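Asker: Encoded as structure tokens, here's the structure I'll be asking about.
The values are calculated or read from the model by the stated rules, or taken from the named source; none is laboratory data. What you are looking at is a predicted structure, and each value in this text was computed from that prediction instead of being measured. A quick note on method: Cβ atoms are made from the backbone with ideal geometry, for glycine too, and the neighbour counts reach across all protein chains shown.
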Amino acid sequence: MPELPEVETVRLQLLHRILNRRIKRVEVFKPKSVADNNQFAKTLIGKSFSHIDRIGKLLIFHLVKEKKIFLLAHLKMTGQFFFHDLTGISGGGHTATPNDTLKLPGKHTRVAFYFTDGSSLYFNDLRGFGYVKIATAKEVAGAKARFGQEPIADDFDTELFTLTLKRKRAPIKAVLLDQTFVAGLGNIYVDETLFVAGVRPTRQANKVTEKEACAIAQASSEIMKKAITVGGTTFQHFADTKGARGNYTNYLQVFGKQNTPCPRCQTLIKKIRVAGRGTHFCPTCQK
Ligand SMILES: [Zn+2]
């Protein structure tokens, strides 16, 4: 499943390619992917994208001279965007295999956008949980309001973060995965963050000290920024929009490292389940 750094990577890549190209035609192969909106194509024809924004893992496409409607996209489990022009295909989200781009539109293409200059943008989604849908400004504001602050935001409020933790009784891992509290931290990056901060994933959030809370906030920000710089992780299924594989996997210290020595103290990394998710930690370094 693409996490925030992967989604941000897709955003940055599409940003350089799709802006200001005029939409000539839109083909919807799976109505569910556009929220069963039979006006979807009609609404977009003649329009151009002016900007792509993101909150958590939700992509918000702005349209030129259009303040009332937006295009919202979520990759969910297996969503991908591929942009095609004379220079080739670039794309990303869920891991791209050569088969994904062999033929576009392909078997898993749910929506295709054709631009007047001959280039095109495809939304592929194998499992079909993702979407691209038209949303009003009010709906966008509502969606934004459902997300907590982002660790990579310049104005991340560590004090608020610490205070909120004090009110949560769930395991710290579950709390950090809650997007209404902190936006964009997924399974991989929560495990990595807690390792760097030295906090055990099972610890009750309200028992986390102020110092540890600060360490968590700082570690999550650094890890996410680093992951975005290198294009995210790839295993399971991610490639960036150039089809290149991200390589944050090279920097992972505990995720997927069960039964191998901790990079700090050599204790074997343990894998357990917390909040229904595979969770990795060092029993010695993380208290
Ligand atoms: Zn250790």
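Asker: Given the condition modelled with pLDDT under 95 and within 16 Å of the ligand (Cβ to nearest atom), answer yes or no: does some residue in the stretch 216-238 qualify?
Answerer: There is no residue in the stretch 216-238 that is modelled with pLDDT under 95 and within 16 Å of the ligand (Cβ to nearest atom).
Asker: So, one more: Just to check your reading of the model, which residue among K47, K103, K42, K107 is more than 27 Å from G142 (Cα to Cα), among the basic types (K, R) and more than 25 Å from the chain's Cα centre (by Cα)?
Answerer: Values: K47 fails: more than 27 Å from G142 (Cα to Cα); K42 fails: more than 27 Å from G142 (Cα to Cα); K107 fails: more than 25 Å from the chain's Cα centre (by Cα).
Answer to the selection: K103.
Asker: Within the bounds of the stretch 160-180, is there any residue that is over 17 Å from the mean Cα position of the chain (by Cα) and in a strand (DSSP E or B)? First the steps, then the outcome.
Answerer: Keep residues of the stretch 160-180 that are over 17 Å from the mean Cα position of the chain (by Cα), which gives 160-175.
Narrowing the set further to residues that are in a strand (DSSP E or B) leaves 171.
Among the residues of the stretch 160-180, at least one is over 17 Å from the mean Cα position of the chain (by Cα) and in a strand (DSSP E or B), which makes the answer yes.
Asker: Sticking with this one: Give the residues of the stretch 245-263 that are exposed (fewer than 13 other Cβ atoms within 10 Å of the Cβ), closer than 30 Å to T9 by Cα and within 16 Å of the ligand (Cβ to nearest atom), sorted by residue number.
Answerer: T260
Asker: Taking the stretch 268-283, which residues are exposed (fewer than 14 other Cβ atoms within 10 Å of the Cβ) and within 7 Å of the ligand (Cβ to nearest atom)?
Answerer: Scanning the stretch 268-283 gives no hits.
Asker: Return yes or no: is F81 under 16 Å from the mean Cα position of the chain (by Cα), closer than 18 Å to R25 by Cα and crowded, with 21+ Cβ neighbours inside 10 Å?
Answerer: yes
Asker: Moving on. Has the stretch 207-227 got any residue that is in a loop (DSSP other than H, G, I, E, B) and under 15 Å from T279 (Cβ atoms)? First the steps, then the outcome.
Answerer: Step one: list which residues in the stretch 207-227 are in a loop (DSSP other than H, G, I, E, B), which gives 208-209.
Now narrow it down to the ones that are under 15 Å from T279 (Cβ atoms): none.
Within the stretch 207-227, none of the residues are in a loop (DSSP other than H, G, I, E, B) and under 15 Å from T279 (Cβ atoms).
Asker: Considering (1) more than 18 Å from E3 (Cβ to Cβ); (2) modelled with pLDDT of 95 or more; (3) not small (G, A, S), say which one F129 fails and leave the rest.
Answerer: (1)
Asker: T180 - would you say it is buried (at least 20 other Cβ atoms within 10 Å of the Cβ), touching a residue at least 24 places away in the same chain (Cβ under 8 Å) and polar (S, T, N, Q)?
Answerer: Values: buried (at least 20 other Cβ atoms within 10 Å of the Cβ): no; touching a residue at least 24 places away in the same chain (Cβ under 8 Å): yes; polar (S, T, N, Q): yes.
So T180 fails the test.
Asker: Also: Picking from T180, T202, T279, T241, which residue would you name as being farther than 23 Å from F156 by Cα, of a type in the set (S, T, N, Q) and modelled with pLDDT under 95?
Answerer: The unique qualifying residue is T241.
Asker: A follow-up question, please. Can you pull out every residue in the stretch 99-151 that is of a type in the set (A, V, I, L, M, F, W, C) and free of Cβ contacts under 8 Å to residues at least 24 places away in the same chain? If you could, list the steps in order and put the result at the bottom.
Answerer: Our first condition is that a residue be of a type in the set (A, V, I, L, M, F, W, C); within the stretch 99-151, this holds for 102, 104, 111-113, 115, 121, 123, 126, 129, 132, 134-135, 137, 140-141, 143, 145, 147.
Passing the criteria: L102, L104, A141, A145.
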